[in-house]
Amino acid sequence: MRLALERRDALGARHDAALAGLFERGEKPTPLPAPLERDDTAVGGALASAWDARQLTGRRGEVTTFHAAGGAERVVLVGLGPIERYTAEVARRAAAEGVRALKGRAARSIGYRLPTFVAEGVPAEAAMRALADGAALGAYEFVAYRPSVDAGVESATIHLGPELAREETTLRAAFEEESAIVDAVVYAREIANLPADTATPERLAEEARQLGKEFGFRVTVLDETALARDGMGGLLAVGGGSAHPPRLVVLDYPGRGRGTRTIALVGKGITFDSGGISLKAAEHLEEMKFDKSGAVAVLGIVRAAARLKVAPRVVGLLACAENLPGGRAYRPGDLVRPYGGPAIEVTNTDAEGRVVMADALGYAVRNVHADAIVDLATLTGGQVVALGDDTAALVATDDALAEGLLAASRATGEPLWRMPLTDYHRALVKSEIGAVRNSSGIRVAVLSQAAAFLETFVGRTPWAHLDIAGPAYTTLTTRKYMPAYQNYGATAFGVRLVTRFLLDAGRPTRAGR
């Protein structure tokens, strides 16, 4: 979708539809809200009549269309719910609901009346960012393989109107920033949705190379020969059963100026996960193409960081492999030696993500010398059991790093919940043969067990782990419970959140953003 920002009001701007926000009305009779008087004039008083007849409620999820008198243009009112419970996330969802309601209804171009989405606690900049997110992500669909596609909204313009014209300079700068972030989300969704026969480890490496050329940063790809030379036992073990050999991909955006902090981003890139010799059941196996979502999110984050020229140096590490059974596949009982780290006892080849990430985490510590490490991984079913499909788990060894990510979560509406990491969890993954075992077989605190395993390989470096197993993608079943800006398939969860963290350097953002 094409996004734009304009000073003039949306009404009369020759869009197929002008969208305005409507707060929920109370029980007592009240006049039509003043910001909607212009909309009412455009539709010949029909809006006021519907308001007086209580045909409009403003409840969340309500989308009502009025046709302009004598013209094709429409005024669309999107319910925002009670004003006292209004947040930027409500605006984000409402923007997407409007777009989705207009799909297949000959609405190629739409305009949002930004002033109608502004309220106490949600200033103009926060509302504008939310509308940009909701419009572009709500319109997104993965259509690369479809023979035909229903026409949807192709362009969305956020209109300041006379009420906000004086803030144009500030809002335009924020708009350009948010547009770049949303573009990175769409980019990541496109790659994450690719099937495993296309999105191989080498394909992810090629995507990284293309980003390096486009944005002028260095990309290093370690193929199977280099992995063997450097002792990357985790990637070689997990990828051993596949005809598509593993890769460690390093994207190095240098940051602005000397003396900047270095933040390493590690992404789990299992391009397909059969479970290996510890074979998964057939049910839902097609969803395992999304096991690369952490690595693809890192691609999107580094893309956004380079385009926006964030201050920190950002080094993305993609641990890419395909986990299949075969004559060269690793086995339960094997002892794997990851890069620069202690030996791993393999008890379950379906706990493979943490094994490949051990190599990447070790590389971040020894070669990147990162000041902080953040990893993103579709790591455990325990995350989904504990927190569901919309909220990612955060485990961190550093409180300042954790709070920075939580602040970014609040700003972007990508929810995190911090989970514990204690000596109890560390004891569960201790091995009698090596240093750690990749699965204890004990079905308690599975999420924190996996985090305790990863912690083994970060040493003293401040580290945060994001388990995104649930929110990384939606299924036909879970889609109905998710916000309208999360379409079927990959969500690219974490791209907006971590990019905001990099932009804000972990400082809490302004209220409502």
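Relative intensity of the chain on a log10 scale, I(q)/I(0) at q = 0.12 Å⁻¹, equals -1.02, per a Debye sum over C-alpha point scatterers of equal strength in the absence of solvent.
Only DSSP H runs of four or more residues enter the estimate; each adds -39500 (n - 2.57), and after division by the residues of the chain the mean residue ellipticity at 222 nm equals -10000 deg cm²/dmol. Approximating the spin labels as points 7 Å out from Cα along Cα→Cβ, the Arg166-to-Arg261 distance works out to 3.6 nm. Filter the trypsin sites (Lys or Arg not before Pro) in segment 268-318 down to the DSSP loop ones having no more than 15 other Cβ atoms within 10 Å, then list what survives. When the trypsin sites (Lys or Arg not before Pro) of segment 268-318 are filtered for loop state and at most 15 Cβ neighbours within 10 Å, Lys280, Lys309 remain.
Fewest-first ordering of His284, His67, His15, His465 by other beta carbons within 10 Å of each residue's beta carbon gives His284, His67, His15, His465. Start at zero, step by 5 Å, and the Cα-Cα distances of segment 219-283 spread as 3, 13, 20, 19, 15, 11, 9, 5, 3, 1, 0 percent across the bins. Applying 1/(1 + (r/R0)^6) with r as the Cβ-Cβ distance of Lys280 and Arg460 and R0 = 30 angstrom yields a FRET efficiency of 0.25. Cα gyration tensor of segment 1-119, axes a ≥ b ≥ c as square roots of the eigenvalues: rounded (a/c below 1.5), prolate (a/b > b/c) or oblate? Cα axes put segment 1-119 in the oblate bin. Consider all pairwise Cα distances in segment 118-172 and report the whole-number % of them above 16 Å. Tail of the P(r) past 16 Å holds 55 percent of the pairs. Among Arg189, Arg479, the ranking by other beta carbons within 10 Å of each residue's beta carbon, starting with the fewest, stands as Arg479, Arg189. Cβ-to-Cβ counts within 10 Å put Lys103, Lys28 in ascending order as Lys28, Lys103, the fewest first.
Bear in mind these aren't lab numbers, they're just calculated from the coordinates by the rules spelled out. If you're wondering where the values come from, they're calculated on a predicted model, not measured in any experiment. Cβ sites come from the backbone with ideal geometry, for glycine too, and all protein chains shown count toward neighbours.
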